[in-house]
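A.B. asks: Take this structure, written in structure tokens, and hold onto it; I'll ask about it next.
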Amino acid sequence: MKQTRRGFLTGAGLAAAGVTALRSTPTAALDRRDVPGWDDEADVVVVGSGAGGISAAIEARRATADVQVLELFHIPGGSSSLSGGVCYMGGGTPLQKALGFEDTPEDMYRYLIEAGGPYAPADKIRLYCEESLGHYDWLVGNGVEYARVYSDEKELAHHAASLYHSGSERNYPYRDRVRPAPRGHVPPATNMMGGQRLMASLLASAERLGIPVRTRVACERLVTESDGTIAGVAVRENGVRRHVRARRGVVLAAGGFIHNPEMLKRHAPELYPCSGHWGRAGDLGMGIRMGMGVGANVLRMHHGFAVLPLYPPENVLKGVAVNRLGQRCIAEDAYYGAIGHEFLYNQGGRGWLIVDASCDYPGPDARVVMAALAGDITALGRALGFAPGALEATIDYYNAHAREGRDPLLGKSAAFLAPLERPPFKAYDLGVEKAFYSVHTFGGLETTLAGEVVNVWGDTIPGLYAAGRTSAGIPAAPYHASGLSIGDSTFFGRRAGAVAAARKA
Amino acid sequence: MRQGAGSAAAMVLVLAGIAAHAERPTGDPERGRQVFQPCRTCHYPEPGFGNYNGPSLTGIFGRKAGTREGFAGYSKALKDSGFVWTPELLDAWLASPGEFLADSTMIFVGIPDRQARADLIAYLQQFD
């Protein structure tokens, strides 16, 4: 038998001996010769039924492949169905045009590259922007509905709206470099339930195409041919091990790993202590581990969506956010993913929001707790333990310019500039222990533009594809616009499905 | 059939839960505020916030399960369960959501730590 030790260690026999310790390790593949027989088969087997998986399944089916979707839980939809359901699209979509906004694929690309930082995958972003109009048509063609209503709010609080500026497009310095356009597209929905609507549409489309979604199926290991080609998946259903053959390919779209504490501690320790681990219960890293088990490379494993939602209400953004030195480090009106990233990754998970009586939260708020209350800034700085004079220097400098409607240090928008001078002054704790950080993972399997999984030697693994948060896609830290994760999942999920369906078995 | 199995399992857990948690640790609502944060993917306890992906949790204790006005997402299992929410029952559910009501629409990882569950319950009790 090949790879006896790895195979033995991760086999079912080890259940009692330390499964916990192994939850962060690759899941070794099963050799085809050790499969007693196939219990089921399809051309393309999709692991997971969120936005990535269902988009892959739809495109594979349209390419005439026989498709099967396997879902861990009894209800399909994955974390996408609990998300805001925003898709970042642009370049002049019919909705942008109908609402009077100009945009080009080039502007969209330039914003994503400028705001994305050094880890932004330029090749994927280029393709994503060039084909954004087609992707909009694809979503609408699959029953996703958008209303001709624009919202000017920073956060998706307007229930009837389908278009908004979902990132930092209107913030310094991007507003001066790239013409801002609203690119967050979302089905109109009350109380952040756009994801439910998005997935209801995509799942209904999959159903019309006759794609079976098998629920309560736990995918455990990939099955490989002797030449390394992926042959199928070993699953557990009602406690029984079964083997599903994939004649052309397996698409891993099983989400990220925010609910796998061992994996989180090992790969993304910054995200581990955050209070709001965000996502449905299937984000256990299974798809990533299965891919690693056949030698897949992983990218950006420590990256994450780290939202510190100070707003709404937008009025609190007239406050000043400071780090452990009592100094400002990011414009307070930045996209809340950028704020969260700054304090979590760059400031050691510590920070405070300083407000006066004019920009305080209207009442106790579950997102933050008060760390100090004082009649003047000197006393507030002392209570927070800053070096003498540090907070006063920050506030004096800020106030002097805010009175003129300017923020030369960080470029906060004029709408949120006002001197802090009305006592009492309060400091809210933005530390990771006390504040609400909603977080999920971005790291995952390396994939090509076609969704093929790449191994550690740089070769594609025949018959293996990945999408959504199982793959390392467009979303990279710092996250700079809502809708990039769902956008990436649907867009590259489609490609993975189409390419898998076309592979010669 | 699954409904029946789910309800039976629920009953067993209810009884077991009540016995096992007779000495539930005292909860700290401030710690519970942070324990509850992942639940905000779907639930808000604040009065007036209403239903999200999950029903509002304002005044959950003492309410009949599956009866929040305007919430359409309940499973048949929960609507038919007929029980009234108590801290003990919520504790049992959060300890092992897959066993308490396997067919519930709440797909959740669970909170294995007893103290954390007690903290969360103490937090929710503030919104009665």
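The values are calculated or read from the model by the stated rules, or taken from the named source; none is laboratory data. These figures come from a predicted structure and were not determined experimentally. A quick note on method: Cβ atoms are made from the backbone with ideal geometry, for glycine too, and the neighbour counts reach across all protein chains shown.
A.B. asks: Answer yes or no as to whether A:Leu284 is within 14 Å of chain B (Cβ to nearest Cβ), out of contact with any Ser or Thr (no Cβ under 9 Å at 6 or more places or on another chain), outside any strand (DSSP E or B) and modelled with pLDDT of 95 or more.
C.D. replies: yes
A.B. asks: Could you run through region A:367-399 and say how many residues are out of contact with any Pro (no Cβ under 8 Å at 6 or more places or on another chain), of a type in the set (Gly, Ala, Ser) and over 17 Å from A:Gly326 (Cα atoms)?
C.D. replies: The number of residues fulfilling the criteria is 0.
A.B. asks: Then there's this: Could you check region A:284-322 and list, in sequence order, the residues that are surrounded by fewer than 20 Cβ atoms within 10 Å (Cβ to Cβ) and without any contact (Cβ under 8 Å) to a residue 60 or more places away in the chain?
C.D. replies: Hits for region A:284-322 are A:Pro313, A:Asn315.
A.B. asks: Follow-up question, since we're still on this one. Determine if region A:153-170 includes at least one residue that is surrounded by fewer than 21 Cβ atoms within 10 Å (Cβ to Cβ) and assigned to a strand (DSSP E or B).
C.D. replies: No, region A:153-170 contains no residue that is surrounded by fewer than 21 Cβ atoms within 10 Å (Cβ to Cβ) and assigned to a strand (DSSP E or B).
A.B. asks: Another question, if that's okay. Looking at the structure I just gave you, is A:Ser24 among the polar types (S, T, N, Q), buried (at least 24 other Cβ atoms within 10 Å of the Cβ) and assigned by TED's automatic domain parsing to the domain that holds A:Ser485?
C.D. replies: So A:Ser24 fails the test.
A.B. asks: Same structure again: Please specify each residue of region A:475-489 satisfying the condition of being over 20 Å from A:Tyr345 (Cα atoms) and in contact with a Gly (Cβ under 7 Å, 6 or more places away or on another chain).
C.D. replies: If the condition is that a residue be over 20 Å from A:Tyr345 (Cα atoms) and in contact with a Gly (Cβ under 7 Å, 6 or more places away or on another chain), then A:Gly483, A:Ile486, A:Asp488, A:Ser489 are the ones that fit.
A.B. asks: Suppose the filter is touching a strand residue (DSSP E or B) at 6+ places or on another chain (Cβ under 9 Å) and not in a loop (DSSP other than H, G, I, E, B); does A:Lys426 pass it?
C.D. replies: Against the criterion (touching a strand residue (DSSP E or B) at 6+ places or on another chain (Cβ under 9 Å) and not in a loop (DSSP other than H, G, I, E, B)), A:Lys426 qualifies.
A.B. asks: Just the residues that are facing another protein chain (nearest Cβ under 10 Å) and touching a Gly at 6+ places or on another chain (Cβ under 8 Å), please, taken from region A:63-83. Let's see the steps before the verdict.
C.D. replies: From region A:63-83, those facing another protein chain (nearest Cβ under 10 Å) are A:72-75, A:77-79, A:81-83; that's our starting set.
Result: A:Leu72, A:Phe73, A:Gly77, A:Gly78, A:Ser79, A:Ser81, A:Leu82, A:Ser83.
A.B. asks: I need the strands (runs of 3 or more DSSP E) fully contained in region A:193-257, keeping only those with at least 2 residues that are without any contact (Cβ under 8 Å) to a residue 24 or more places away in the chain and either surrounded by fewer than 19 Cβ atoms within 10 Å (Cβ to Cβ) or of a type in the set (Phe, Trp, Tyr) (or both).
C.D. replies: A:230-237
A.B. asks: Counting just the residues of region B:33-74 that are part of a loop (DSSP other than H, G, I, E, B) and of a type in the set (Val, Ile, Thr), which one comes out farthest from the other protein chains (Cβ to nearest Cβ)?
C.D. replies: Only one residue fits best here, namely B:Thr67.
A.B. asks: What are the residues in region B:75-107 that are over 16 Å from B:Ala118 (Cβ atoms) and more than 14 Å from chain A (Cβ to nearest Cβ), if any?
C.D. replies: Passing the criteria: B:Lys79, B:Asp80, B:Ser81, B:Gly82, B:Phe83, B:Val84.
A.B. asks: Sticking with this structure for a sec: Could you list, in sequence order, the residues of region A:164-199 that are within 14 Å of chain B (Cβ to nearest Cβ), aliphatic (A, V, I, L, M) and under 20 Å from A:Phe491 (Cβ atoms)?
C.D. replies: Answer for region A:164-199, where residues must be within 14 Å of chain B (Cβ to nearest Cβ), aliphatic (A, V, I, L, M) and under 20 Å from A:Phe491 (Cβ atoms): A:Leu198, A:Met199.
A.B. asks: Specify the residue that is surrounded by the most Cβ atoms within 10 Å (Cβ to Cβ); the eligible residues are those in region A:323-344 that are more than 23 Å from A:Ala387 (Cα to Cα) and not acidic (Asp, Glu). If you could, list the steps in order and put the result at the bottom.
C.D. replies: Taking region A:323-344 as the starting set, the residues that turn out to be more than 23 Å from A:Ala387 (Cα to Cα) are A:333-341.
Among the residues that remain, those that are also not acidic (Asp, Glu) are: A:334-341.
Numbers: A:Ala334: 27, A:Tyr335: 25, A:Tyr336: 22, A:Gly337: 27, A:Ala338: 22, A:Ile339: 28, A:Gly340: 30, A:His341: 28.
Top of the filtered list is A:Gly340.
A.B. asks: While we're looking at this one, here's another question. Looking at (1) in a loop (DSSP other than H, G, I, E, B); (2) modelled with pLDDT of 95 or more; (3) surrounded by fewer than 15 Cβ atoms within 10 Å (Cβ to Cβ), which is the only condition A:Arg33 fails?
C.D. replies: (1)
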